[in-house]
1. Pull out all pairs, ordered by first then second residue, where Cβ-Cβ is under 8 Å, the residues are six or more apart or on different chains, the first lies in region B:449-475 and is more than 10 Å from every other protein chain (Cβ to nearest Cβ) and more than 30 Å from B:Pro97 (Cα to Cα), and the second is in a helix (DSSP H, G or I) and among the small types (Gly, Ala, Ser).
2. Look through region A:156-193, keep the residues that are out of contact with any helix residue (DSSP H, G or I) (no Cβ under 7 Å at 6 or more places or on another chain), in contact (Cβ under 8 Å) with a residue 60 or more places away in the chain and part of a loop (DSSP other than H, G, I, E, B), and return whichever of them is farthest from the other protein chains (Cβ to nearest Cβ).
3. Got a sec? Which of A:Leu123, A:Leu100 is under 16 Å from the mean Cα position of the chain (by Cα) and either closer than 28 Å to A:Ala62 by Cβ or part of a helix (DSSP H, G or I) (or both)?
4. Which number in (1) in contact (Cβ under 8 Å) with a residue 12 or more places away in the chain; (2) within 9 Å of chain A (Cβ to nearest Cβ) marks the one condition that B:Gly427 misses?
5. Checking the condition at pLDDT below 90, part of a helix (DSSP H, G or I) and more than 17 Å from B:Gly273 (Cα to Cα), which residue from B:Ala190, B:Ala171 passes?
6. Only one of these is part of a helix (DSSP H, G or I) and touching an Asp or Glu at 6+ places or on another chain (Cβ under 8 Å): B:Val206, B:Val214. Name it.
7. Have a look at B:Gly352, B:Gly376, B:Gly391, B:Gly403 and point out the one that is touching a residue at least 12 places away in the same chain (Cβ under 8 Å), more than 9 Å from chain A (Cβ to nearest Cβ), surrounded by fewer than 22 Cβ atoms within 10 Å (Cβ to Cβ) and of a type outside the set (D, E, K, R).
8. Sort through A:Leu243, A:Leu278 and tell me the only one that's more than 14 Å from chain B (Cβ to nearest Cβ) and under 30 Å from A:Tyr95 (Cβ atoms).
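The values are calculated or read from the model by the stated rules, or taken from the named source; none is laboratory data. Predicted, not measured: the structure shown is a model, and the values here were computed from it. Neighbour counts run over all protein chains shown; Cβ positions are idealised from the backbone, glycine included.
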Amino acid sequence: MTGAAALSMAVVTGFVAAPVLAWARPRYRDFLAVATAAVSLAGVVGVAKAGQEGAMPALSLAPAAGLPPLSLAPDGAGLVFAMVAATLWVPAAVYAVGYLRANHDQRQGRFHAFFAMAVAAALGVALAGNLFTFLLFFEALTLVTWPLVVHRESDRARRAGRLYLAYTLAGGVCLLGATAWAWTHSPGLEFTQGGFLAGAPAGEVVGIGALLLLGVGVKAGLVGLHAWLPEAMVAPTPVSALLHAVAVVKAGVFGVARVALFVVGPEAMRESGLAWALALAAVATVVFGSLAALRADQLKRRLAYSTVSHLSYIVLGIALYCLYGLSTALVGAALHFVAHAVLKITLFMAAGSVSTATGKSQVSELGGVGRQMPVTVSSFAVAALGLVGIPPMIGFFSKFALVTGAVAIGGWWSAVYLAAGLLTAMYLLPIPIKAWAEAPPGPAPRQAGPLVVVPLAAAAALAVALGLIPLTMALP
Amino acid sequence: MTWPAVLLLPSLVGSIAVVFAHPLRLRLGLPIAAAAAGGTLVAALALAREVAAVGEVAAVLGGWGRPYGVELAAGPGAAFVAVVLAVVALAALAWAPAAAADLGDRETPFAALGLLLLFSLLGLTVAADGFTLYVFLEISSLAGYALFSVGRRRAAVAAFRYLLTGGTAGALYLLGLGHVFVATGTLNLADLAARIAGGAPSPAVVAGSALMAVGLAVKAAVFPLHGWLPDAYSYAHRAVAALAPPLMTKAAAFALWRVGAAVAPAWAEAGLGPALLALSVVGVLWGSVAAVGQRDISRMLAWSSVAQVAMVVGGLAVGTPAAVAAALLHLAAHALAKAGLFMAAGAWRLDGVHTLDDLPGAGAARPWAGAVFTVGALSLVGVPPMAGFFGKWALATSALASGAWPFAAVVVVSSLVTASYMLRAVGALWFGEAADRSPSAHGLAWALPAAALGALVLAAAAWQGPALSFLARAG
């Protein structure tokens, strides 16, 4: 398989499969949903392999009159995101099949179709080679996620859908305007290390950069732009797990990295003060998200606020890199990007497993569930410890890199990470403790089924395995 | 060659044939109308091909010659608009046999007037002298009055209102043309441009061209002269609503630009360009915000037309070749999408779906209408890869390139307002609790023309590039 074929396979598969998934018979559909994820993953792996051999593939559609070219041109950062999204898509697809079946969902075809398109759009965001292509996939991601948020079609779901669209489309409008504006300075809009706006007048760079950051900041859940995320938890759990912990929100964070490092450039970010603004917004978000998570009793809501907080760990890392040029901060950001994805998807899948089996969704109702659903709650505990930053889970290494980076710069920044870690422990760890310590309230419920439990256990195992790799590398 | 004249033939001959075929009692009116629209499309494509080969094409009729004579001319812009008019008219008239079945005896006048409207709008697009343009303007008004009066109870009142405003507009235009003619001694637009090119234009020419602009602006529904539009569009019969609203204001907007280009120095003197641009900015916002407040689907679509046409006029007012091409591209995008939207809304009205509150479940009950409505709505919002995205992108970038950033900002930001009302409808359509409702039987005759328009909107990526390079030949 050539690199270019792998590249198109990674992005196109989900879109091509969507109509088939929507109308296929249930038996074939469920199989195809998982196969779509596997084929896309194979595509991403193919791209990574070709890149390792020094022949990174790139695709570019000749620009029509008056338009920038459509271009897919993966780089290291893009491949990391694509790999994370595609890898986690496979267990999430299995989980989605099991979850929808167990909940006797009425619209499984529609769900799988839009789910596949959403991840495919996220892969497009990851692999886009210029700002225009990035914008197209980013907007596509916004729209195809809408039916998933509204999936249950209850009043609450529709209200959440409206809120979701209001925020993300407003962000999209900022992005569109800024992209058109940037285009007057750079006809190719190609992502370039150091920023493709380097030659543009400083005043305009600030304007374009601020608009772009606002646009991607909505999906990245920066405080003030985050309100859609907790409400979107009304969606079925596979959506919360893969999209609102991995694909959609990470597209926002990835967008922050793209804008800061490849559009505006670290230097211009620092000189214009945008990096400072971004850092302060990230600190505020980390603190706010943690405190809000502490107060939330509904489990998925608590996880959503935790996502808000942890996304800004990454954003803060990017901002610190722009401010001080310290690459440890950037490494930490990239690691936490991966770590949070694996850990948070595990937490969400566990939450969905519990609610499917017991119908319980409040933290306060979870006493004793640990003895009834040992695999689910153990996985939850592993992921929770990882997110707090306990070895040997991957979360330890990401936090270690972030904190050492921050320490090298000055104590104040590292205090943010340490305090947030403490808060993470305070809002996550009581959950498994309560689930094990208390006596079960009644007879054991039926388990949610292997299609639900196996993927979440696999994700937890992945979190440990990823943490063991750097550990073994550190050994002599 | 005489292609601009040939362009007008099928619709004119067709409308006469419809009348003469009526006594045969064979109900040939609507088939003839569809066939004539098809012929018009062929002629428009031939014209476009000719323009692509040789540039500007002109036809002199009647033997008067300049400076009085009847002259038709088409450059890339006019040829493009003619193709758009023909495509939408063909779809709307092919849809009519199904949609206008309840008209009964009024089928014949509908077919004849529909073709007459098409004829006059094409004429408005290719007329090369001021008086011929006036004649087509009046014919289009007359056809419009008659067509709009067919429909719901209040349609007659709306049509009467349109008659009064349209009549005044025609009179203003003629008054202005008289001033210009007396001052310059010519009616021909090209002649006129040559005669007032050097030196400052006389006050008579400035005043005259301002009056002509106001007259055409009424027909194009430029803010704040759009008052006639919402009622006329929303009370019209569904067959009329698929035909007239998508086309009428577009042809007038194009004529407005052509007159403006001919008397450019006078426009500059009167400050009409910047004024028109400012009015467009306000119009986009006004129309969008007004649409948000509507519960009636057709009325919401009508208000959205006010905003979308303002976008087209704004692009024309920016005036650089890129902006004009962008405006015409957006004109095409909006005409195709809006015709499909009105078709879907018209079909639902048969099922008793009038307002947003009736929409839940309508998508499942009539999937073709739901699909076309969704595609059209996304296009109006400007979602890629729909046609509206390319129109808005071209408008925003060309406006930015020429420093008209308030207009560019409005084009982009209005998408959000558009999303708030169009996606509200789309959401209700698919995600609502379905009311128990049995749709009346609809066959392919209902679905096909609308689906064709939807496909054109959806496949815009394929035609927008060639369209822009064709328009770039305007030079």
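1. B:Arg473/B:Ala52; B:Ala474/B:Gly77; B:Ala474/B:Ala325
2. A:Gly188
3. Values: A:Leu100 fails: under 16 Å from the mean Cα position of the chain (by Cα).
Going through A:Leu123, A:Leu100 in turn, just one is under 16 Å from the mean Cα position of the chain (by Cα) and either closer than 28 Å to A:Ala62 by Cβ or part of a helix (DSSP H, G or I) (or both): A:Leu123.
4. Unmet for B:Gly427, out of (1) in contact (Cβ under 8 Å) with a residue 12 or more places away in the chain; (2) within 9 Å of chain A (Cβ to nearest Cβ): (1).
5. Details: B:Ala171 fails: at pLDDT below 90.
Being at pLDDT below 90, part of a helix (DSSP H, G or I) and more than 17 Å from B:Gly273 (Cα to Cα) holds for just one of B:Ala190, B:Ala171, which is B:Ala190.
6. On the way: B:Val214 fails: touching an Asp or Glu at 6+ places or on another chain (Cβ under 8 Å).
Of B:Val206, B:Val214, the one residue that is part of a helix (DSSP H, G or I) and touching an Asp or Glu at 6+ places or on another chain (Cβ under 8 Å) is B:Val206.
7. Values: B:Gly376 fails: surrounded by fewer than 22 Cβ atoms within 10 Å (Cβ to Cβ); B:Gly391 fails: surrounded by fewer than 22 Cβ atoms within 10 Å (Cβ to Cβ); B:Gly403 fails: touching a residue at least 12 places away in the same chain (Cβ under 8 Å).
None of the others qualify; the one that does is B:Gly352.
8. Working: A:Leu278 fails: under 30 Å from A:Tyr95 (Cβ atoms).
Being more than 14 Å from chain B (Cβ to nearest Cβ) and under 30 Å from A:Tyr95 (Cβ atoms) holds for just one of A:Leu243, A:Leu278, which is A:Leu243.
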